[in-house]
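What follows is one structure encoded as structure tokens, with my remarks underneath.
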Amino acid sequence: MPRAIQIREFGGPEKLELVDLPVGDPGPGEIRIRHHACGLNFIDVYQRTGLYPNALPLALGMEGAGVVEAVGEGVAHLRPGDRAAYAANPPGAYSELRVMPAKNVVRLPDGIPFDTAAGMMLKGLTVQYLLKKTRPVEGLEPGDFVLFHAAAGGVGLIACQWARALGLQLIGTAGSAEKCRLALEHGAAHAIDYSKEDFVARVKEITGGRGVKVVYDSVGKDTFEKSLDCLRPFGLMASFGNASGPVPPFAPGLLGPKGSLYLTRQTLFTHIATRESTQAMAEELFAVVVSGAVKIRIDQRYALADVAQAHRDLESRRTTGSTVLVP
């Protein structure tokens, strides 16, 4: 029987269990896929802890790559034997085999290995919607400054490279000198070690006192307020994660005196709500990866059975780049 990771109650990494889960045939609009690799993401932590609540018991994992074994009625864009990859709801990617909706699953180009795909789908599609769709009211042009927190993580390293390809000057923050070097090596124009420097002061110094047009922030509570102070007038604060905890409530009136700022809370699953949008975004991601403009770093690999350690390492900031689980 295929193995999968699930939780029976919310909590720490010790709640992750390796279990046998039966897998049947796909129904209408579904496929059955055998995973070759699965991705690890902070959203998995949020679901494990209950910050993003789901019904229990819960199979975890939002990103994977493998081979389609069977397709259900009405699925026309995939066939048995296709190499495929996805970032998708519902969770369940931490598994050897699963049945899932086909809507967000796309065919994988032959030039992209399974582990690369599993390490880039959720993260790369996130960068696509941030840099291409989540833009300040004044737009983004080559030469513009943007601030990107957690620049040495899986999303961050893709963003550094893609921003460089777009001609943007990405200012990345990270928690150590080593991680800052990593961001710079991957295309960041500047890197700030927030463990030693005040990132607001450094951003103002780098931009000649003007600030940036947009801040992309997946950290949440620890960086939110200071990020607002990095923005120029009419700038955009784009929150898309809560790695340090959720942002506490604040008064919207705060945005006025800071420069008539804009604030948005983004999530990938709004952007991939249709098969057509998923396909279009994936094609852009595949194109920049195949071209070599964006290279996907897989810095950590764990056996599926070692998923608890993978979660511990992710939460303690011991990881860089992308992490994959191997069934």
Determine if the range 67-80 includes at least one residue that is more than 27 Å from Q266 (Cβ to Cβ), under 23 Å from the mean Cα position of the chain (by Cα) and assigned to a strand (DSSP E or B).
yes
Just wondering, is there one or more residues in the range 252-260 that are at pLDDT 95 or above, buried (at least 21 other Cβ atoms within 10 Å of the Cβ) and assigned to a helix (DSSP H, G or I)?
no
Pairs needed: first member in the range 260-273, at positive phi; second member anywhere, surrounded by fewer than 15 Cβ atoms within 10 Å (Cβ to Cβ) and aromatic (F, W, Y); C-beta distance under 7 Å; at least 6 residues apart or different chains.
S260/F234
Evaluation of V137 against (1) in a helix (DSSP H, G or I); (2) surrounded by fewer than 17 Cβ atoms within 10 Å (Cβ to Cβ); (3) of a type in the set (A, V, I, L, M) (one fails), failing number
(1)
Taking the range 261-279 and the residues there that are among the aliphatic types (A, V, I, L, M) and surrounded by 13 or more Cβ atoms within 10 Å (Cβ to Cβ), the one that is farthest from A88 (Cα to Cα) would be L261
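What tally of residues in the range 299-310 results from selecting those that are modelled with pLDDT of 95 or more and not in a helix (DSSP H, G or I)?
Residues of the range 299-310 modelled with pLDDT of 95 or more: 300-310.
Checking the rest, the ones that are also not in a helix (DSSP H, G or I) come to 300-303.
Here the count works out to 4.
Examine the range 97-117 for a residue that is under 13 Å from the mean Cα position of the chain (by Cα), more than 23 Å from G24 (Cα to Cα) and either at pLDDT 95 or above or not assigned by TED's automatic domain parsing to the domain that holds S244 (or both), and state whether such a residue exists.
From the range 97-117, those under 13 Å from the mean Cα position of the chain (by Cα) are 117; that's our starting set.
The next check asks that each one be more than 23 Å from G24 (Cα to Cα); those that pass are 117.
Those left that are additionally either at pLDDT 95 or above or not assigned by TED's automatic domain parsing to the domain that holds S244 (or both): 117.
Yes, the conditions are met somewhere in the range 97-117.
The values are calculated or read from the model by the stated rules, or taken from the named source; none is laboratory data. Since we're looking at a predicted model, the values are computed, not measured. Heads up, the Cβs are rebuilt from the backbone with ideal geometry, glycines too, and the neighbour counts pull from every protein chain shown.
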